[in-house]
Amino acid sequence: MTDRRLPRRHDLAPLLKFKRPVLSPRERRLAAALTIEDLRRAARRRTPRAAFDYTDGAADGEVSLSRARQAFADVEFHPSVLRDVSNVDTSRIVLGERTALPFGIAPTGFTRLMQTEGEIAGVTAAEAAGIPYTLSTMGTTSIEDVAAAAPAARKWFQLYMWNDRDRSMGLVERAAKAGFDTLVVTVDVPVAGARLRDTRNGFTIPPTLTPRTVLNAIPRPAWWFNLLTTEPLAFASLDSWSGTVGDLLDTMFDPTVTYDDLAWIREQWPGKVSVKGVQTVADARRLADAGVDAIVLSNHGGRQLDRAPVPFHLLPSVVREVGDDVEVHLDTGIMSGQDIVAAVAHGAHFTLVGRAYLYGLMAGGRAGVDRAIEILRGQVERTMRLLGVATLDELEPGHVTAMRRLAPPD
Ligand SMILES: Cc1cc2nc3c(=O)[nH]c(=O)nc-3n(C[C@H](O)[C@H](O)[C@H](O)COP(=O)(O)O)c2cc1C
């Protein structure tokens, strides 16, 4: 028989740990998000459908994106045990400067449409975290305003090259003058990918009010209030624009650009050059021979060629071919710190995150980007500790294998 007694006050006191309630709904929302997927759900609730789909969506059947995410999910980690992991160092020298974490913010266009704090939220959060921020040619805040908002941030500028050299030169000069140290030249966009969600949603820049958008706006008043009561959108590289996203992209991309234009840009730019959108070993070799400083294995987050190679799968052969000659960076499909650690173990020197930070932005502006970075940082650190490594250099291919997926029964 169990002896029972009445609970006493001093027994109960240590068990009662009521926390002070968090009054700000934004703080509550962000604190409740433990993963990037949680931030994505919060983002979806708060953002009008056309803007959310522009961010979340990819090209055609969205196969490139889902395969890239699946490739990370199919990773198996192999931990080493009995290592001292009381301190882990997540920093690394990337293109000549130390960065606090093995990821930076990828260039994303139209960022203020997703949430009005846009590029300023991204660059100031990157500054606070000690990681690089990349401003897109299609950014919605000017080069100079981004630079002024975060003078201590490490800033990279993403260029869509035009065959019209004066036009490219104008941007490159402005970025150099504003203190951007690396030019990220994106090369996987001879034309725009088929973003079917945007076409179906009738997505335009700036957003137009049709009966459908008004209906969709009713449960998301904060987004519209923010859009209508803050600075009108300014593009990094265009004075003004109104039209469909497709029309805008068509003026931005130039199908005649070749390796010669890249060589010309390299001569004009005083800093480092990274080429983003590399998808074969042969192009990686050719770019390394051309003397660029970094290549980014990327299929543009699945937004360009659908069924393109999965960057994580391409990584080992590219690292074998050019890893000693050029820094190999990687993006597409990263949704967790575990994904980042797996990429580094397979030889990526650095990674970039696109949607992962944008979900945070849509969920809560600057604080949401901070939360996204914090989630990724926590996951990177914990995964390193669980793998028994104290520095990024200790990560090696043996820590990660890609599991073969089970085929469905016949
Ligand atoms: C909404 C959105 C806009 C983007 N805009 C650009 C851009 O203007 N220039 C560019 O080079 N890449 C752009 N990208 C691609 C990203 O730089 C990056 O390659 C991609 O997001 C990586 O995949 P992830 O979203 O799965 O991390 C964009 C991606 C997204 C999601």
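The values are calculated or read from the model by the stated rules, or taken from the named source; none is laboratory data. Given the structure is predicted, the values throughout are model-derived calculations rather than measurements. Every residue, glycine as well, gets a Cβ built from its backbone with ideal geometry; the counts of neighbours run over all protein chains shown.
Residues in the range 66-83: is at least one under 19 Å from the mean Cα position of the chain (by Cα), under 30 Å from residue 203 (Cβ atoms), part of a helix (DSSP H, G or I) and more than 16 Å from the ligand (Cβ to nearest atom)?
Looking for residues that are under 19 Å from the mean Cα position of the chain (by Cα), under 30 Å from residue 203 (Cβ atoms), part of a helix (DSSP H, G or I) and more than 16 Å from the ligand (Cβ to nearest atom), one finds none in the range 66-83, hence no.
Does the range 147-178 hold any residues that are assigned to a helix (DSSP H, G or I) and either loosely packed, with under 15 Cβ neighbours inside 10 Å or more than 23 Å from the chain's Cα centre (by Cα) (or both), and which are they?
148, 165, 166, 167, 168, 169, 170, 173, 174, 177
Here are 347, 360, 378: which of them is modelled with pLDDT of 95 or more, more than 15 Å from the ligand (Cβ to nearest atom) and at negative phi?
378
Of these, 236, 288, which one is in contact with a helix residue (DSSP H, G or I) (Cβ under 8 Å, 6 or more places away or on another chain) and within 14 Å of the ligand (Cβ to nearest atom)?
236
Of the residues that sit in the range 1-37 and are part of a helix (DSSP H, G or I) and buried (at least 18 other Cβ atoms within 10 Å of the Cβ), which one is modelled with the lowest pLDDT?
Result: 29.
Any chance you could count how many residues in the range 163-191 are more than 13 Å from residue 268 (Cβ to Cβ), at pLDDT below 95 and away from the ligand (no atom under 11 Å from the Cβ)?
Number of matching residues: 4.
Mind listing just one residue for me: the one in the range 179-193 that is out of contact with any Lys or Arg (no Cβ under 6 Å at 6 or more places or on another chain) and within 13 Å of residue 255 (Cα to Cα) and, of those, surrounded by the most Cβ atoms within 10 Å (Cβ to Cβ)?
Applying the filter and picking the extreme gives 187.
If you scan the range 184-238, which residues turn out to be within 30 Å of residue 297 (Cβ to Cβ) and small (Gly, Ala, Ser)?
Matches in the range 184-238: 192, 193, 194, 236, 237.
Residue check: is residue 92 surrounded by 22 or more Cβ atoms within 10 Å (Cβ to Cβ) and among the basic types (Lys, Arg)?
Answer is no for this residue.
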